[in-house]
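Read through the structure below, which is laid out as structure tokens, and then see the notes.
Here, each number is a calculation from the coordinates, and none is a lab measurement. This one's a predicted model, so the numbers in the text were calculated from it and none came from an experiment. Because the Cβ atoms are built from the backbone with ideal geometry, glycine has one as well, and the counts that use them run over all protein chains shown.
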Number of protein chains: 4
Amino acid sequence: MKANKDTNNQEDSSLKKQDKTFGMPRTDLALEVRETFEDDNVEIQGVILKEDYDKDKDIRVSTVVIKDQRGADAMGKPMGTYITIEAPKLKESDESYHEPITSEIAKYIKELAGDTKGKEVLIAGLGNREVTPDALGPQVVDNLFVTRHLIREFGSEFQERHHMGNMSAISPGVMGQTGMEASEVLRGIIHETMPKLVIVIDALAARSVHRLNTTVQITDTGISPGSGVGNNRKALNKESLGVDVIALGIPTVVDAATIVNDTLERFMAKQGFDEKQVDQFIHEVNEETIGNMFVTPKNIDESIKRISYTVSEALNKCFA
Amino acid sequence: MKANKDTNNQEDSSLKKQDKTFGMPRTDLALEVRETFEDDNVEIQGVILKEDYDKDKDIRVSTVVIKDQRGADAMGKPMGTYITIEAPKLKESDESYHEPITSEIAKYIKELAGDTKGKEVLIAGLGNREVTPDALGPQVVDNLFVTRHLIREFGSEFQERHHMGNMSAISPGVMGQTGMEASEVLRGIIHETMPKLVIVIDALAARSVHRLNTTVQITDTGISPGSGVGNNRKALNKESLGVDVIALGIPTVVDAATIVNDTLERFMAKQGFDEKQVDQFIHEVNEETIGNMFVTPKNIDESIKRISYTVSEALNKCFA
Amino acid sequence: MKANKDTNNQEDSSLKKQDKTFGMPRTDLALEVRETFEDDNVEIQGVILKEDYDKDKDIRVSTVVIKDQRGADAMGKPMGTYITIEAPKLKESDESYHEPITSEIAKYIKELAGDTKGKEVLIAGLGNREVTPDALGPQVVDNLFVTRHLIREFGSEFQERHHMGNMSAISPGVMGQTGMEASEVLRGIIHETMPKLVIVIDALAARSVHRLNTTVQITDTGISPGSGVGNNRKALNKESLGVDVIALGIPTVVDAATIVNDTLERFMAKQGFDEKQVDQFIHEVNEETIGNMFVTPKNIDESIKRISYTVSEALNKCFA
Amino acid sequence: MKANKDTNNQEDSSLKKQDKTFGMPRTDLALEVRETFEDDNVEIQGVILKEDYDKDKDIRVSTVVIKDQRGADAMGKPMGTYITIEAPKLKESDESYHEPITSEIAKYIKELAGDTKGKEVLIAGLGNREVTPDALGPQVVDNLFVTRHLIREFGSEFQERHHMGNMSAISPGVMGQTGMEASEVLRGIIHETMPKLVIVIDALAARSVHRLNTTVQITDTGISPGSGVGNNRKALNKESLGVDVIALGIPTVVDAATIVNDTLERFMAKQGFDEKQVDQFIHEVNEETIGNMFVTPKNIDESIKRISYTVSEALNKCFA
């Protein structure tokens, strides 16, 4: 009706502002943040976007590099490299699709990790084992072939002869179960076992349901507070942990509020409502109904099991 | 803005029509269907509504009786009695709240079952054990104290001396796992074991997130096709099974489409959009994004465990 | 010392008698019964033994055919064919070992099932899902690709075009959980869905710990009362169910009493004790300590998961 | 026959020697070690034994205090206090039995912990979550009400007003899953979070099947290498962790070798065999058959669930 291209753009910028208003990042994916900008071809200063599509495997890899503070401010994410692997077949139950995805994940972990040969790495599976969509991290840890204890027992000659990595792993649990921040548990373990690299695995929240169980984000920035399924954790990055940190995340839920808000915003923008009206209505909706609810596919138990296996395989390929 | 009482009413009636358009019942709760009517005080012909509120226990019991075909048509549900127990504390983790709710559930099962003393009853826990919010039925069955085999072994004198019921139980699984309708499995078992009463337990879909894990519906109409978490099952009622059937259901999910549609409709009605615009927009939204997604609270794994225990206790009270 | 060939033989025959004395079959494997006879080369009337060893795959297949009642009496097992596949690598975690075993299992199921093409088959996963070593049957069912419902929906042309079988599956539970014999549940379902063949999957008790998770027994005799992990179930065979029945079993436990008794017997035989002394001592031992205990490997949870997957694959190969 | 009191005693001392020969402690219970001494009334120098029996609750409490190195050498256990609560009803499914046992456990934890009010305590649930009888520790942790994070957020005033403890908890996993010793993980976490007391929870191996799931051992000596279900862990005690350590253990398995050996020894002793003969035969038996097997009751999955809940309740009573 009253909608036109111009108001539409206004709406979109209101949307970004609103993200801050609500103090809640609606997505953990740098790629989705990038997409909220009006036009994919517009260049954001300090941010580089590179894309690659393998048609045969139906795997798309996007690399967002946030080069400087200006880019970090625009994106609302720390400086660093964010690699996003989009593989719609990751959610398929046909296991033959998973091998190429495993290789792709392993390739990009190596790209960020530098030389992985024999490197002492600690894998941390974040999240709550008892909450299905949050159990990705713990389930990945369950499937790893850890080797650190073997090398400590049999020595470095043994390690070399068997071309073995040096991998340890832990599921630090969530604060409501342990009374400790994941960052405290990990800092303690790192202090004791001195790995050269930490890889944190976590279930993420996405903005679009299309991303659920189809997208892998790998970044050298670690994890910032407030990420994950609505939990407040302290940061897990080089600064807080004192070693290099790679974060690997897969979106397994969309916040129910997000899905409602996004649909409404799209509609209201199309109809030409002004920013204030949108904000107010959405605020009322959220107050009223859908706090602490999330949207997830019906087969989430099965998906988490399968995807965690794929991620474990990739890590085993790099470090076992 | 342009909204007024009249258009508002139009919207609401469009909503009901639309339910049929999409061929998808958005709620399995008779009470929620009743609530979609414009005004709670309006009398629907053929439908009786009775309410009871126990302030101390914070338990509200609503009884909807659909007396004739006219009422059935208006409600889109078969004739019969629908008892809805609303107990917000059912979702609390404090176990002391659960005992009064157990008693309340047992009381209304008995009201519909008639004389329960020593009655041969088969409990059927519908749903998919591997899908958390759909596992309510199987988990209820896991907690029952079945006695049928004891009575067959030790005789009716033993039964009377121990004031024992005669309960058997089965989780018939879902069609995707068994290749059989739950109705086929149950018909077979009923043919072989000849219970006098079947009670089917099922996870339901609600329309409002407030109902999730707080509401118990007990009805003597059994279960009609399309109920539950979006699965197509054939009817489970006296006609199809050949014995009395009571269905006990608890809403554990809201369809993601429902939550979006309801919020949008509310908004559009408020704004005075006409029926056709609403229909078209919502149709587009559904096509686009959120098929096969559901909304569920974050602690659903834990809730299902606790609530299934409460329901089992109520059944044990009646029949064990 | 005092042991000699003669007393030794006496001991062995006492052993067989004792099996009856205690009324407890110590093994569900026909092959192990056959082995209790003094000398593998001795011919038992009415019983044929054939062996095959594939050195490359390290798989040994023994076929025991009990041809007549005399053989059945000698063996304490019903007439029929018992195929035992011994594959030590079945318990290995290396998945590459499992494919050849899958093929072998499928081959012998087909040998007993006759023409499997498009055959209506019902798989029954016996046992208690909540007791790890008894969960083999239910876990096999969880991994099957059932098709019966698809064929009912899309017709036989669809079936032929996709070279599809007609498989349904059920976990009937155990009597303590359902109040019904597995045989009652299955008879009911068979009456309703009319399969041409039933395959029952069950965890067995073996006599030797070497057999645990390494041996598959496939027989066309079904299952007789008292088999499995000490549960009393009524027979599941052609006579009781009214259709052809194949039983596939894998030993997952040894009764604790068995392991103690066997070791003691071996020792006492070696020492030349007479039958009566042995019987009396073993009787005392059993009374005293180890009722209702079983022996199982430490990694049983993991083994059951892996082996059930292998069996499911074999069944999918035959019937999906 | 040839057995007499003298040979019998010889046998027993051979048994103790043999324990060292095989390098495998057959029991983790100080009480069972104490029982291997010929006669309960004989005083072992440096070891004090005190017993208490509550007939109403059917709970027996034995306290073994190893006062000096002489006692430690005789017992093969470190100096300290070992409290053993024997409660046959702990394995019952009737929940009403569990409340008095909870109180008893809480009482003796407090006895060893000294002042528990507001004390910063870290609970460590040792063992492998994926191996049922070894999952006691992780399951105890799952049921705790941790509070440390609340106090850090809301301060000590909040803590005092709510009479709240200061409890944190972790399941450090097993070396095969993490590549790290439990002691390394705990040392790291202790370094970071500085608790005043660590309580380690672990599944133990007993010698007698009567002790399974009926006995709780609480000791201020922590855990020594080689305890638990056959895993080699480094010590968890005040010396290795740098803070006070209480260990709470419940026997959930008997090594299969132990049950066979004990029965054989009893028999051979009765028959008057000499030490060397016994040793040799048992050595052969162990080589041959039953490595890495354990004996466990059939309902172990259910028992672990229930008992872990009871232990959690006791800890919550002391520290939540």
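Below are the figures for this structure:
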read-out	value
Residue exposure sequence - D:Asp94, D:Asp274 - by fewest surrounding Cβ within 10 Å	D:Asp94, D:Asp274
Amide H within-cut-off set for A:Val200, under 5 Å, with H built and near neighbours excluded	A:Ala124, A:Ile246, A:Ala247, A:Leu248
Cross-link pairs C:Lys55/C:Lys91; A:Lys196/A:Lys238; C:Lys77/C:Lys298; A:Lys50/A:Lys110; C:Lys234/D:Lys298 - those with Cα-Cα distance over 22 Å	C:Lys77/C:Lys298
Inter-copy separations for D:Thr36, label at 7 Å along Cα-Cβ, nm, ascending	3.4, 6.7, 7.3
Nm distances between copies for C:Asp56, ranked from closest, using label points 7 Å along Cα→Cβ	3.0, 7.5, 7.9
Antiparallel bridges, percent of DSSP beta bridges restricted to segment C:161-320 (to nearest 5)	40 percent
Efficiency of FRET between D:Asp73 and D:His210 - r from beta-carbon atoms, R0 35 angstrom, step 0.05	0.80
Chain C - Rg (one decimal) and Dmax (whole number), Cα, Å	20.3, 74
Residue-averaged 222 nm ellipticity for chain C, from DSSP H runs of 4+ at -39500 (n - 2.57), nearest 500	-13000 deg cm²/dmol
Distances in nm from D:Gly114 to the matching label points in the other copies, shortest first (labels 7 Å along Cα to Cβ)	4.7, 7.0, 8.0
Size of charge dipole - chain C - debye, nearest 20, with Cβ of Lys, Arg +1 and Asp, Glu -1, no other charges	500 debye
Reference-scaled alpha-carbon Rg (2.2 N^0.38 Å with N residues) for segment B:62-211	1.18
For q = 0.19 Å⁻¹, Debye-computed log10 I/I(0) when each Cα of segment B:99-140 counts as one equal scatterer	-0.75
Neighbourhood net charge (10 Å Cβ-Cβ; Lys/Arg +1, Asp/Glu -1) for B:Ala247	-3
Relative contact order for chain C, counting Cα pairs under 8 Å that sit 6 or more residues apart, in percent	23 percent
Closest approach to the axis - chain A beta-carbon, rotation onto D, Å	A:Gly188, 2
Local electrostatic count at D:Ile44 - Lys and Arg +1, Asp and Glu -1, tallied over other residues with Cβ under 9 Å	+1
Residues of segment B:71-93 with amide N under 13 Å of the 7 Å Cα→Cβ point at B:Gln45	B:71-74
Proximal charge balance of C:Ser103 [Cβ under 10 Å; K/R count +1, D/E count -1]	0
Distant-in-sequence amide H partners of A:Val47 (H built 1.01 Å from N, under 5 Å)	A:Lys67
Stokes-Einstein D in µm²/s, Kirkwood radius over Cα pairs - segment A:234-317 at 10 °C with 1.306 mPa s viscosity	97 µm²/s
HN-Hα J in Hz across segment B:60-73 - Karplus 6.51, -1.76, 1.60, θ = phi - 60°, x for Gly and Pro	10, 10, 10, 10, 9, 10, 9, 8, 9, 5, 4, x, 4, 5
Karplus (6.51, -1.76, 1.60) ³J(HN,Hα), θ = phi - 60°, over segment B:95-112, in Hz, Gly and Pro reported as x	5, 5, 6, 7, 4, x, 5, 3, 4, 5, 4, 4, 4, 7, 4, 4, 4, 7
